[in-house]
1. Restricting the search to segment 305-335, which residues are within 23 Å of Ile216 (Cα to Cα) and away from ligand 2 (no atom under 15 Å from the Cβ)?
2. Examine segment 334-348 for a residue that is of a type in the set (Val, Ile, Thr), crowded, with 21+ Cβ neighbours inside 10 Å and within 13 Å of ligand 1 (Cβ to nearest atom), and state whether such a residue exists.
3. Considering segment 237-258 alone, what residues qualify as being within 11 Å of ligand 1 (Cβ to nearest atom) and without any contact (Cβ under 8 Å) to a residue 60 or more places away in the chain?
4. Looking at segment 229-240, which of the residues that are over 19 Å from the mean Cα position of the chain (by Cα) and assigned to a helix (DSSP H, G or I) is nearest to ligand 2 (Cβ to nearest atom)?
5. Give the residue, chosen from Ile216, Ile268, that is crowded, with 20+ Cβ neighbours inside 10 Å and more than 14 Å from ligand 2 (Cβ to nearest atom).
6. Return yes or no: is Arg150 buried (at least 16 other Cβ atoms within 10 Å of the Cβ) and over 22 Å from Val333 (Cα atoms)?
7. Return a yes/no flag: does segment 209-222 have any residue that is touching a helix residue (DSSP H, G or I) at 6+ places or on another chain (Cβ under 9 Å), at positive phi and either assigned by TED's automatic domain parsing to the domain that holds Ala372 or part of a helix (DSSP H, G or I) (or both).
8. So Phe123 passes all but one of these: (1) closer than 30 Å to Thr60 by Cβ; (2) over 28 Å from the mean Cα position of the chain (by Cα); (3) surrounded by fewer than 14 Cβ atoms within 10 Å (Cβ to Cβ). Which condition number does it fail?
Amino acid sequence: MTERDSEENANPAVSGSRVLKFGEGRISGYLSALFGICALLGVLCFIFPEWLTTKELRATLYSFSFVKNLLWLGIVIAFVTGIISYILSPRKRLAATGIGTALVAVLLGAFNVQERAVADVPFSFGVDWFVLSLVFSMAIFIPLEKAFARHPLAVLRPEWRTDLTYFVVSHLAITFFLLFTNAVQVYVFGWAHSAAVTEFAQSLPVWLQFLACVFIADLCQALTHRWYHQVPWLWKFHSIHHSSRNMDWLAGSRTHFVEALATRSAVIVPLYVINFSEPALNAYVVLVGVQAVFVHANVRWDFGFLEYLIVTPRYHHWHHSDDPEYANTNYAVHLPLVDMLMGTFRLPDKTWPDTYGVFGQEPPKGFLPQLAYPFVSTPRRESADDGSLS
Ligand SMILES: [Zn+2]
Ligand SMILES: [Zn+2]
């Protein structure tokens, strides 16, 4: 994976063989492989729901008939696009992958799945969360980024495999993340509950609870985030997120799991201690899911005065600039107000950064080297001297 990514990095973002064009059978081939693999994973979720699906999502995000219809649609798409690719493309591997995996899904009983009671198990993989997130994120963001691109960027841009690996791992491990943050809440901060605070918070209208949730969560996130920029050892974890040189919806997935766990806990704990009502918390969780992807997207939309109220792609893109003057600003991910209060708000008029990436010492390329990076390499002095850790 690392070798192929560095090989891709040698190419400009939109040139060479990575650019997909209509009529070559490669777009249909990738679609077939994507839907075939997702259909196979989907049918495995129906067979082993205890181990491959997430209890919380089964209860809140989808119904049995919705995912069953989606599975059938995925199989049809995999077959149709697979046949188109097989006819158009001289290379049959993608079509064979799509048709082959869809066929296995059918043989495993995809058209005969039955709803049944799901036993409680201590741990499961979020295959359902991964498949649903991937399919819907791609369906929304790829057309948007094609139509409104700020920077010319191929769908299969450099290092897409690395970022997709982050996407896969973080989604499959969702139950682990939920268990971890839950344990931190209950066992470490269980003592901090106050009936009076909870009573006051829950007496507020839900919309106000939601706004308070977003503000408190973003303030905690931004303070932790600034800490990651200021402490050299923590910067080694966070520099991985900043190492994306191409910003798009998938780039935001690149986050070291230690940072993801620590930041999630720092945000969730105060909300848990205050104990806002469930509708307010659920609305906040949806906002996080959408905005975390959206602010990285390669869309050139101008939001006018709203850019001072809500964090937009342009706002967060400046945080990913490889110029430390800008990268050490705009820590908020929801509300620019948080950066205004922290004195770290910076939004140049109308313009976007030309280049993105890490200033100072660059992390290695590839998922596994990046996973190990904070624990094995020694920081070079100049990375602190060039303003990266100010
Ligand atoms: Zn940052
Ligand atoms: Zn980011």
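The values are calculated or read from the model by the stated rules, or taken from the named source; none is laboratory data. The model shown is predicted, which means the values in this text are computed figures rather than measured ones. Note that we place each Cβ from the backbone using ideal geometry, even for glycine, and neighbour counts take in every protein chain shown.
1. Those that are within 23 Å of Ile216 (Cα to Cα) and away from ligand 2 (no atom under 15 Å from the Cβ): Phe305, Leu306, Glu307, Tyr308, Leu309, Ile310, Leu335.
2. Checked against the condition, which is being of a type in the set (Val, Ile, Thr), crowded, with 21+ Cβ neighbours inside 10 Å and within 13 Å of ligand 1 (Cβ to nearest atom), segment 334-348 yields no hits at all.
3. His238, His241
4. Selected residue: His229.
5. It is Ile268.
6. When the stated conditions are applied, Arg150 does not pass them.
7. no
8. (2)
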